[in-house]
Structure formats: C-alpha cells, structure tokens
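**Student:** So that we are looking at the same thing, I have put the structure below in structure tokens.
Coordinate-derived values only; no laboratory data. Keep in mind that this is a model prediction, so the values were computed, not measured. Cβ atoms come from the backbone with ideal geometry, glycine included; neighbour counts cover every protein chain shown.
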Amino acid sequence: NYFNRASAPETEDFEYAEERAQALADAAALKRLAVDYMHPEVGVKTTDATLMGRNYFNRASAPETEDFEYAEERAQALADAAALKRLAVDYMHPEVGVKTTDATLMGRNYFNRAS
C-alpha cells in the first residue's frame, strides 16, 4: 500500500485532526472577541430579528448619574492634577525659566556672582 510503506510521510490521526481544528476555532473566536473589545466603535451586528436591546442610561426615568458635590470634587481633582502637571513640567524643564506678573518680586543668583 502506498500510504503504509516505510518511506511514506506520517499521517495525522483523526482525533488529533479534530483537536487541532477545535483549537484553531477557539483561537479564531478569541481573536473576534479581542477585536470586538478593542474596537467598540464598530458596533454589534446581528442577523436575528428577534433580538433587541434597551439603553437604561439615556431613558427619561434614569437616575442622575452625577451629583453636584461629585462634580465639584471631580473639577477640583482635575484642577489639582493640572497644577501638579505644571509643577512637573517646571521641574523637568529648568531651561524654560520662570515667568512672573508681580513687579515687586525679585531674586538674586548666588551661584553666578563674582564675589
């Protein structure tokens, strides 16, 4: 027999072929899920006309999502983060220099003076 000779290439068992096909199908399904997760702007496509969904966040009877106190705290936290960012930029880039609007401020450089 041509397939049973000693020099014939090895053939794959049916169980291994099924297992390999199942592993490849699982990998393809995981890839589809990863693409769906990484690109939410694509949206969901369905072919079943009986499927429906409801948005519970934009309906008229939905509760308020953010209270005034939380909005103030969030604004304060964002302002603090912006101030910290400005300080970090000033620290990391000393070549930029200091800009002031107060005419009464003065400073003296003790490191570059002659005496």
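**Student:** Select from region 59-115 those chymotrypsin sites (Phe, Trp or Tyr not before Pro) which occupy a DSSP coil region and have at most 12 other Cβ atoms within 10 Å, ordered by residue number.
**Tutor:** Tyr110, Phe111
**Student:** So, one more: Which residue, Ala49, Ala77, Ser7, has the largest displacement toward the positive end of the dipole of the chain when charges sit on each Cβ (Lys, Arg +1; Asp, Glu -1)?
**Tutor:** Ala77
**Student:** Would you mind calculating the gained length between Ala82 and Phe111 on full extension (0.36 nm times residue separation, minus the Cα-Cα distance), in nm to one decimal?
**Tutor:** Full extension from Ala82 to Phe111 adds 7.3 nm.
**Student:** Residue by residue, what Karplus-based ³J(HN,Hα) values in Hz, rounded to whole numbers, does region 36-51 have, using 6.51, -1.76 and 1.60 with θ = phi - 60° and x for Gly and Pro?
**Tutor:** 5, 6, 7, 10, x, 6, 5, x, 9, 10, 9, 10, 8, 6, 8, 7
**Student:** Also, quick follow-up: Specify the angular offset, from 0 to 90 degrees and rounded to the nearest 10, of the alpha carbon long axis of helix 68-92 from the longest principal axis of the alpha carbons in the chain.
**Tutor:** Once rounded, the angle reads 80 degrees.
**Student:** Over 5 Å intervals from 0, what percent of Cα-Cα pairs in the chain sits in each interval?
**Tutor:** Histogram of Cα-Cα distances, whole percents per bin: 2, 6, 5, 7, 8, 8, 8, 7, 7, 7, 6, 6, 5, 5, 4, 4, 2, 1, 1, 1, 0.
**Student:** Considering only DSSP states other than H, G, I, E and B, which GluC sites (Glu not before Pro) in region 1-103 qualify as loop sites with at most 13 other Cβ atoms within 10 Å?
**Tutor:** Glu10, Glu12, Glu64, Glu66
**Student:** Now for a different question. Which of rounded, prolate, oblate describes region 50-115, given a ≥ b ≥ c as roots of the alpha-carbon gyration tensor eigenvalues and a/c under 1.5 marking rounded, otherwise prolate only if a/b is larger than b/c?
**Tutor:** In terms of gyration-tensor shape, prolate.
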